[in-house]
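Scroll down for the structure; my scribbles are underneath it.
The values are calculated or read from the model by the stated rules, or taken from the named source; none is laboratory data. Remember, it's a predicted structure, so these values are computed and weren't measured experimentally. Cβ coordinates were reconstructed from backbone atoms using ideal geometry, including for glycine residues, and neighbour counts include every protein chain displayed.
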Amino acid sequence: MNRCLPRIAPAALVAALLLAPVAAQAGAQKEEALAPSVVVGLAKAVADAPAPPDWADRASLQPWLAEMSRRIAHKVADERERRELLVTVHYEATRAALDPQLVLGVIYHESGFKKYAVSVAGARGYMQVMPFWPGLLGARDQNLFNLRTNLRYGAVILKHYLDIENGDLYRALGRYNGSLGRPEYPHAVMAATNRHFAYGGGASAPAATAAIGTPAPR
């Protein structure tokens, strides 16, 4: 045993662990050249705007919030934090024309619902957004660890890739992870979506949770 190592008080050690970024297993999403019109469109899409005040209070959303809150309680212990996360997920997914269940599946696989997760490639937050995106869209000062900012970017980026791939979810997820053409990531996200977040209620669009197979070669 090395007797020269400094002793750390248990309370200080716990505090240090809580404040340290959590490693995540995201891939290296690729920075690609974008047409000016695309940059303008994406920049407009990520412009900061919170959910309408009455979004979380709609009667139709309450069963979904209650059910999803139960399912992620082991990941996000604080009830208020859990509700804010789910309301934001639902709003940002809906705003981007994505299934909220798919966004939850991405978060589950990407960060495990850890707000300050950081991958070896530098991706950040719940949806593991790569840090080049704010600069690319002219908003370098935006904080990707902010709940709404992270989910806004993640949802907009995933929808952007879906549009590029003409709705091919397999390829869009591959682009999102930086592993286009490989099956591991798309299958893992969809497995997480279907295993943990399948929902038959009316607050979620079911189309994006369909199982995906290996696409035909292009």
Some residue of segment 141-164 being within 18 Å of A49 (Cβ to Cβ), in contact with a Lys or Arg (Cβ under 8 Å, 6 or more places away or on another chain), of a type in the set (V, I, T) and assigned to a helix (DSSP H, G or I): no
In segment 169-179, the residues that are more than 15 Å from D99 (Cβ to Cβ) and touching a Leu at 6+ places or on another chain (Cβ under 8 Å): R171, G174
Qualifying residue in segment 100-114 (condition: in contact with an Asp or Glu (Cβ under 9 Å, 6 or more places away or on another chain), buried (at least 20 other Cβ atoms within 10 Å of the Cβ) and part of a loop (DSSP other than H, G, I, E, B)): no
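Using the structure shown, decide if A188 is part of a loop (DSSP other than H, G, I, E, B), in contact (Cβ under 8 Å) with a residue 60 or more places away in the chain and either surrounded by 19 or more Cβ atoms within 10 Å (Cβ to Cβ) or out of contact with any Pro (no Cβ under 6 Å at 6 or more places or on another chain) (or both).
no
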Test: residue in segment 125-132 that is more than 23 Å from P52 (Cβ to Cβ), over 11 Å from the mean Cα position of the chain (by Cα) and surrounded by fewer than 22 Cβ atoms within 10 Å (Cβ to Cβ): yes
In segment 137-171, the residues that are over 23 Å from K115 (Cα atoms), surrounded by 19 or more Cβ atoms within 10 Å (Cβ to Cβ) and either at pLDDT below 90 or hydrophobic (A, V, I, L, M, F, W, C) (or both): L162, L169
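Could you list, in sequence order, all residues of segment 78-99 that are small (G, A, S) and part of a helix (DSSP H, G or I)?
Filtering segment 78-99 for residues small (G, A, S) gives 93, 96-97.
If the condition is that a residue be small (G, A, S) and part of a helix (DSSP H, G or I), then A93 is the only one that fits.
Confirm whether P6 is surrounded by fewer than 19 Cβ atoms within 10 Å (Cβ to Cβ), at pLDDT below 90, touching a Phe, Trp or Tyr at 6+ places or on another chain (Cβ under 9 Å) and not in a helix (DSSP H, G or I). Break it down stepwise before answering.
Values: surrounded by fewer than 19 Cβ atoms within 10 Å (Cβ to Cβ): yes; at pLDDT below 90: yes; touching a Phe, Trp or Tyr at 6+ places or on another chain (Cβ under 9 Å): no; not in a helix (DSSP H, G or I): yes.
No, not satisfied.
Please state which one of G154, G174 is within 15 Å of the chain's Cα centre (by Cα) and touching a residue at least 40 places away in the same chain (Cβ under 8 Å). Please lay out each step first, then the result.
Values: G174 fails: touching a residue at least 40 places away in the same chain (Cβ under 8 Å).
Unique residue meeting the criteria: G154.
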Residues being part of a helix (DSSP H, G or I) and loosely packed, with under 12 Cβ neighbours inside 10 Å - total across segment 40-65: 4
Residues being in contact with a helix residue (DSSP H, G or I) (Cβ under 8 Å, 6 or more places away or on another chain) and of a type outside the set (K, R) - total across segment 121-152: 18
Pairs, first of a type in the set (S, T, Y) in segment 84-96, second part of a helix (DSSP H, G or I), C-beta under 6 Å, six or more apart: T88/L147; T88/R148; T88/L151; Y91/W55
